[in-house]
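Accompanying notes for the structure given below.
The values are calculated or read from the model by the stated rules, or taken from the named source; none is laboratory data. As the structure is a computational prediction, the values presented were derived from the model and not from experiment. A quick note on method: Cβ atoms are made from the backbone with ideal geometry, for glycine too, and the neighbour counts reach across all protein chains shown.
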Amino acid sequence: MTILRSEEEDYRAAAKRIDNKLNKYRSVFPKLDAEKHWLMVAVELAYENVLLEKKNDTQPYLDKLKELEREIEKRIRSYENGTGGV
């Protein structure tokens, strides 16, 4: 596997995270084969990724900002037309 030098530290951290999770599953489920350990690690990492995507979803904030922008523009037009009030 070839990676950019600028990404090396992150890849090493990712590899360490995988090793830690594999070791955890190996110790908790010693009778399972390696394939199942790898599968559990893959599912756990995918789940963590989904949680992070949800946490970092900015779309609701962008939608609210658009709504507020429309409301502000509506009120500005109202005042410019002399129909605005408090």
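Quick notes on this structure:
- A single member of GLU53, GLU35, GLU73 is surrounded by 10 or more Cβ atoms within 10 Å (Cβ to Cβ) and either part of a helix (DSSP H, G or I) or not charged (D, E, K, R) (or both), and it is GLU73.
- Positions within segment 40-86 being under 30 Å from LYS21 (Cα atoms), polar (S, T, N, Q) and modelled with pLDDT under 90, in sequence order: ASN56, THR58
- If you go through segment 15-36 and keep only what is within 20 Å of GLU48 (Cα to Cα) and of a type in the set (Phe, Trp, Tyr), you end up with just TYR25.
- Looking across segment 4-30, the residues that are more than 22 Å from the chain's Cα centre (by Cα), closer than 20 Å to VAL41 by Cβ and of a type outside the set (D, E, K, R) come down to LEU22, ASN23, TYR25, SER27, VAL28, PHE29, PRO30.
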